[in-house]
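Q: My questions all concern the structure below.
The numbers here are math on the coordinates, done by the rules we state, and not lab data. Values in this document were obtained by computation on a predicted structure and should not be read as measured data. Positions of Cβ are generated from backbone atoms using ideal geometry, with glycine treated the same way; all protein chains shown enter the neighbour counts.
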């Protein structure tokens, strides 16, 4: 019985970590793009528009994680 319980707990932990890693990856990607857009946006408006489009694409790609 304890063995089944431990296997179940391990599975829940693995599933949670998998989802958590995807969530963290999403936030890192968006934060990096915003920082990059802010720094480069001061210099060139053309690159700023491209970076904004990239941010929108990332958010759309990960919309399942956004509440």
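Q: Among 13-19, 28-34, how do they line up from the highest to the lowest mean number of other beta-carbon atoms within 10 Å? Mind dumping the intermediate values first?
A: Details: 13-19: 10.1, 28-34: 13.7.
My ranking of the peptides, most packed first, is 28-34, 13-19.
Q: Grab the beta carbon distance between residue 60 and residue 3, set R0 = 35 Å, and tell me the FRET efficiency rounded to 0.05.
A: Details: r = 43 Å, r/R0 = 1.24.
Efficiency computed from Cβ-Cβ geometry: 0.20.
Q: Subtracting the Cα-Cα distance from 0.36 nm times the residue separation, let me have the gained length for residue 24 to residue 11 in nm, one decimal.
A: Details: separation 13, 0.36 × 13 = 4.68 nm, distance 1.99 nm.
Here the answer is 2.7 nm.
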